[in-house]
Structures are given as C-alpha cells and as structure tokens.
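I have placed the structure first, in the form of structure tokens, so that the comments after it can refer back to it.
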Amino acid sequence: MAGYGDDNNPGTLENPFLTIQQAADTMVSGDICYIRQGLYHEAISINNQDGMEGAPIVFTNYSNERVAFDGSVSIDSIWQLHSGNIWKTTLDFDIWQLFVDRNEMVMARWPNANFEDGSIWDKENHWGHGTIDQDPEAYENGTLIDEPHGDVDLAGSGLDITEAIAILNVGSFKTWTRRVLTHSGNTFTYDPVPGWKTKHHDYFLEGKLEFLDAESEWFFNPDTKELYFWAPNGMDPNNLQVRGKVQSYAFEITNSDHIQIKNLEFFGTTFKFQQ
C-alpha cells in the first residue's frame, strides 16, 4: 500500500491500496502487505484472522524503505500567553502526550522532573516518599504520609493536592493511579489499592494546573479542552512544531495467530496483540 494509492485499486505494486486496513481486510495466510515509504496515521484492526505456521500474514516495509506510524497530530491552533511563561490554546480533541520537534515534554507534575537530564527516572530524588519505611504502622491502605527529603516536602510545598492524580508505588513492584480524596499538611487519602504492602512507598502527582511551574511541562484539561504549556527555554509555542498524542495503537490484533509486523517504526503509538 502507499500514500498515493486508492482502496479501489487491486492492491498490487503498480496499483496499491491507500490504507493498510484495506489490505488487512483482504489478506489470507501467506500474504505480505508491503508498505511504501512514508509517515502513516492509521488505526488497523485485525480480529479472528489467522496465518499459518510457515505462512504468516506479514506487514512490512517495501525494499528497505523507511515506514513509520505516527500516533500524534500537529497542534496548529493559536497559542495565547496565559501567565508568566505559560501559554494556552484550546483543542477540539484529547491528547495524552505532548512533543516538540518529536521530543517528549513532561506532564505537569510534583515533584518536578524532566527527560533532558534523566531526572524523570530518578525515583529516589524526584518522587515523594512515604513514612512507611520508618514506621510500618504509620498508616493503612488508602492513606499516605509524606516523608520530606531534600527539596521534596508535601506540607512545605503549599499545594492543595485534593483531586490530583497520585501515581502510587505502594505495592513493591506494582504501581496504581488514584484520585486524591483529601489532603492536609503531609497526609493525603485515596481509594485503597489491591496489593498494598508495608514496604517502600513512593509517589508523584499529576492532574492539576498548579503543578505547571517549570519549562517543558504541560497540562491538559479534558473538560474544557484547554492545553497549557511552558515551552523549552521559555519560547513562544506558536513558533514551534508541537504535536499531541491522540492514538494508543496503530495495530490492534485480537484472536489471531501467525501475524507478523516487521521493519516498521512507531512514534507516539504502538501495536497490541491480544487473545
């Protein structure tokens, strides 16, 4: 298939389909869908469609051409200055990741962290910690008491985190998200999670505009479709290539055996196989 094709074509090299879905709908065991060079934004669904061992259904690039699936779209609406270095625009669709020049920005969070210096991966210094390590009986499932460390101090932050989204690593190797129900000082509550353990407790917070206080952070309000952004180096986002993620999967393959995806790239999207 190719970006210059037509779904009324026979799907040959000389007369390709336009969409991969059209090719997928016609494929049987042993067929190969060759995709021509380009950037594709498509959601392909395959269900109850099997290849065979030794004769799979294959989706691949044509003759070493570069093929990429893009789950993001360009944000072309006009940005207006909101306050300080924070700009605002209104969308007519939801996004759940933001990119500038294909580099991922950070959803507004507390404590702050970013991709550029790798602090986003530093749980020791850029997450909040619970007091459970010092006192296993300090609190129960559904409550967390913050243990200040370095500059990370919930009570000292002055923030009201009620209704924020808490990303809670309170189950050893398992992490859950919960809305903050109540907050006072260094203590907050949330609906209990399964698998809660009296081991290390770490957390960070998202989901409130108040957390947007550093460059490369953004916040999206799904109710109003308002997007807020502090661009890198305080730049005007009207002069940047800003994209938002709008798709989770380019390929969703269910109840299907011997399906292969080969030599394809994915940006802001991926594929899902499920029985």
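The values are calculated or read from the model by the stated rules, or taken from the named source; none is laboratory data. The structure displayed is predicted, hence computed values, not measured ones. We place every Cβ from the backbone using ideal geometry, glycine too, and count neighbours over all the protein chains shown. In case anyone asks, the SASA skips ligands and DNA or RNA and just uses the protein heavy atoms, side chains included. Shrake-Rupley method; radii C 1.70, N 1.55, O 1.52, S 1.80 Å.
Counting only protein chains, not ligands or nucleic acids, how are Met235, Met105 ordered by accessible area (probe 1.4 Å), most first?
Result, largest first: Met235, Met105.
Measure off, as a whole percent, the carbon and sulfur share of the 1.4 Å-probe accessible area of segment 1-118, all protein chains present. Display every interim value, and only then the final one.
Details: 2940 of 6360 Å².
Whole-percent figure for carbon plus sulfur exposure: 46.
Within the chain, what percent of beta bridges assigned by DSSP are antiparallel, to the nearest 5?
65 percent
Give me the accessible area of Trp176, 1.4 Å probe, in Å² rounded to the nearest 10.
The value for Trp176 is about 50 Å².
What value, in deg cm²/dmol to 500, does the helix sum -39500 (n - 2.57) over DSSP H runs of n ≥ 4 give at 222 nm once divided by the residues of the chain?
Computed mean residue ellipticity for the chain: -1000 deg cm²/dmol.
Express the relative contact order of the chain as a whole percentage, based on alpha carbon pairs under 8 Å and six or more residues apart in sequence.
Rounded, it is 26 percent for the chain.
Calculate one ³J(HN,Hα) per residue across segment 59-65 by plugging θ = phi - 60° into the Karplus curve 6.51 cos²θ - 1.76 cosθ + 1.60, and present them in order as whole Hz with x for glycine and proline.
10, 8, 6, 9, 6, 6, 6
Taking every pair of distinct Cα atoms and averaging 1/r, then inverting, what Kirkwood hydrodynamic radius in Å comes out for segment 65-135? Walk me through the intermediate numbers first.
On the way: mean 1/r = 0.0637 Å⁻¹.
Mean inverse Cα-Cα distance, inverted, gives 15.7 Å.
At q = 0.10, 0.13, 0.14 Å⁻¹, what is the log10 ratio I(q)/I(0) for the chain, with the Debye formula run over Cα points and no solvent?
Here log10 of I(q) over I(0) equals -0.69, -0.96, -1.03.
Would you rank Trp121, Trp96 by solvent-accessible area, highest first, keeping every protein chain in place and using a 1.4 Å probe?
These residues rank, largest area first, as Trp121, Trp96.
How much of the accessible area of segment 185-247, in percent, comes from carbon and sulfur atoms when a 1.4 Å probe is used?
Carbon and sulfur: 46 percent of the exposed surface of segment 185-247.
In square angstrom, what is the accessible area per residue of the chain with a 1.4 angstrom probe?
That works out to 52 Å² per residue.
Sorted by packing (mean other beta-carbon atoms within 10 Å per residue), highest first, where do 202-214, 106-118, 27-39 land?
Result, highest mean Cβ count within 10 Å first: 202-214, 106-118, 27-39.
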